[in-house]
Amino acid sequence: MKKMVVMAVVAIFTLSGTLEAQNNTRNRRDTRQGARTEQRWTAKDRVETMTKQLELTAEEAKKVQELFEKQDAKRAEQVAAHRADRERGNRDRDARRQEMQTAREKAVAENDAELEKIIGKEKMEQWKQLREERQKTVRDANRQGRRNAPPRR
């Protein structure tokens, strides 16, 4: 009788561990998506970083923060429109990607022009250099991660 009880307890623990592991995967995916949006820099965070790196005045920092908030709102509208378009299944993936890439390049150029009006040409050149270094670091880290990742099925 004791053997039967022990076997039943072992079976229950084994099944509960297996079920928990399966449930954990789904939760982790949801958590990862939430973390991705939470890690995003706010306009205030970006301005603080920019102020430290470029030694912006208080007036410049205020104007830059207003610009970043305006850009964030515009970007949120674009993302919502692209999601709605994707959910409707309009156009093929490559065409959407190309359109988004073109729109992003145009937006960056416009944003840089507005930012240059606020902080001046010299600080803008310095900012572009810092941005390029940051992008290179991220690209290299992504490439390194892909090299160490297990092969896709």
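Summary table below
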quantity	calculated
All positions within the stretch 84-124 that are touching a helix residue (DSSP H, G or I) at 6+ places or on another chain (Cβ under 6 Å) and not in a helix (DSSP H, G or I)	none
Residue list for the stretch 100-127, filter: within 20 Å of the chain's Cα centre (by Cα), among the basic types (K, R) and either surrounded by 12 or more Cβ atoms within 10 Å (Cβ to Cβ) or under 20 Å from K52 (Cα atoms) (or both)	R104
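Every number here is computed from the coordinates shown, using simple stated rules; none is lab data. In this text, all values refer to a predicted model and were calculated from it rather than measured experimentally. When we count neighbours, we look across all protein chains shown, and the Cβ atoms used for this are built from the backbone with ideal geometry, even at glycine.
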